[in-house]
Amino acid sequence: MKKVLVVDDEPAIVTLLEYNLKQANFEVQSATNGVDALSMAENGQFDIVLLDLMLPQLSGEQVLKQLRMDRNDTPVILLTAKDTEFDKVFGLEMGADDYIPKPFSPREVIARINAVLRRYEKSSATEEQSTSKSTKSIETTGPFTIDHKKYRVSVDAKNLKLTPKEFELMQYLVSHENQVLSRDQLLQGVWGFDYSGQSRMVDIQIAHLREKIEPDPKQPKYLKTVRGFGYEFSTGDDDAE
């Protein structure tokens with residue numbers, strides 16, 4: 001039985017989600033403020049968190065940011081009345097796994113939860129298979145060193161401060177080095193199929209990653225734009241397009 005933490009300060013929403021999730025065979029606990037939510041999420045070993053952004057004491061954004069800073073990779077789905085492109089991209093950039101605007105149907109929420117959990121289970125299985133084939137947890141390419149177990153990336157032996165999503169993007173790019181990847185490929189590979197078509201999110205995250213890995217982000221040496229196609233990560237000496 002999967003364990004879900006529901007975080008919302010509206011009792012009616014909590015009651016609605018608790019009832020429907022239990023009917024769908026989930027174990028459910030709830031919190032109504034950010035402080036309790038953070039404590040429960042860090043100590044409760046939940047399979048997934050449904051997190052409202054507009055919370056008392058600590059906002060949902062602050063809760064999510066702290067979880068990811070603490071390297072807590074529990075899947076998080078944001079529930080919020082905010083539905084602008086900026087708010088959606090901002091939440092996903094911070095490390096959320098999905099975003100459901102209010103009002104929503106319980107059936108949609110359950111479907112999104114199952115989709116995120118399937119994606120995580122598939123990712124974990126792939127990681128286990130990779131680990132069984134090779135004991136290598138540290139990978140080096142050009143000036144970059146990626147420590148897959150400690151979630152660290154360094155360039156010329158200097159550690160970079162990457163967000164969890166930036167680290168996942170870097171991992172994906174390195175695993176496809178010297179390949180031209182479309183925005184949709186990056187969306188599916190890093191964010192999952194649910195985000196197909198939201199190419200601006202890729203551009204924003206690429207720009208952020210360049211700020212951290214490139215000597216001159218305005219003239220990228222490693223993470224190149226291939227006009228009309230997408231992006232290519234390479235540590236070779238070819239000129240960027």
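Name the single residue, out of those in segment 62-80 being touching a Pro at 6+ places or on another chain (Cβ under 7 Å) and either part of a strand (DSSP E or B) or open to solvent by 80 Å² or more (accessible area, probe 1.4 Å) (or both), that is nearest to residue 101 (Cα to Cα).
Among them, the one singled out is 80.
In this structure, is residue 189 at pLDDT 85 or above, within 21 Å of the chain's Cα centre (by Cα) and within 25 Å of residue 97 (Cβ to Cβ)?
Criteria not met by residue 189.
So in segment 215-240, with the set limited to residues that are touching a Leu at 6+ places or on another chain (Cβ under 8 Å) and modelled with pLDDT of 95 or more, which one is farthest from residue 141 (Cα to Cα)?
Only one residue tops the list, namely 231.
Could you please let me know if residue 57 is without any contact (Cβ under 8 Å) to a residue 60 or more places away in the chain, part of a helix (DSSP H, G or I), surrounded by fewer than 22 Cβ atoms within 10 Å (Cβ to Cβ) and touching a helix residue (DSSP H, G or I) at 6+ places or on another chain (Cβ under 8 Å)?
Criteria not met by residue 57.
List pairs: first residue in segment 1-23 and among the acidic types (Asp, Glu), second residue buried (at least 18 other Cβ atoms within 10 Å of the Cβ) and part of a helix (DSSP H, G or I) anywhere in the structure, Cβ distance under 6 angstrom, at least six positions apart or on different chains.
Partner pairs satisfying both residue conditions: 8/14.
For every residue, the table says whether it meets (1) open to solvent by less than 50 Å² (accessible area, probe 1.4 Å); (2) acidic (Asp, Glu); (3) more than 23 Å from the chain's Cα centre (by Cα).
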| site | (1), (2), (3) |
| --- | --- |
| 11 | no, no, yes |
| 15 | no, no, yes |
| 18 | yes, yes, yes |
| 27 | no, yes, yes |
| 33 | yes, no, no |
| 37 | yes, no, no |
| 42 | no, yes, no |
| 46 | yes, no, no |
| 52 | yes, yes, no |
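Identify the residue in segment 106-119 that is modelled with pLDDT of 85 or more and touching a helix residue (DSSP H, G or I) at 6+ places or on another chain (Cβ under 9 Å) and, among all such residues, is surrounded by the fewest Cβ atoms within 10 Å (Cβ to Cβ).
Top of the filtered list is 107.
The values are calculated or read from the model by the stated rules, or taken from the named source; none is laboratory data. The structure presented is a predicted model; accordingly, all values stated were derived computationally and were not measured. Ideal geometry is used to build each Cβ from the backbone, glycine not excepted, and the neighbour counts take in all protein chains shown. What goes into the accessible areas is simple: the full protein's heavy atoms, side chains included, and nothing from ligands, DNA or RNA. Shrake-Rupley method; radii C 1.70, N 1.55, O 1.52, S 1.80 Å.
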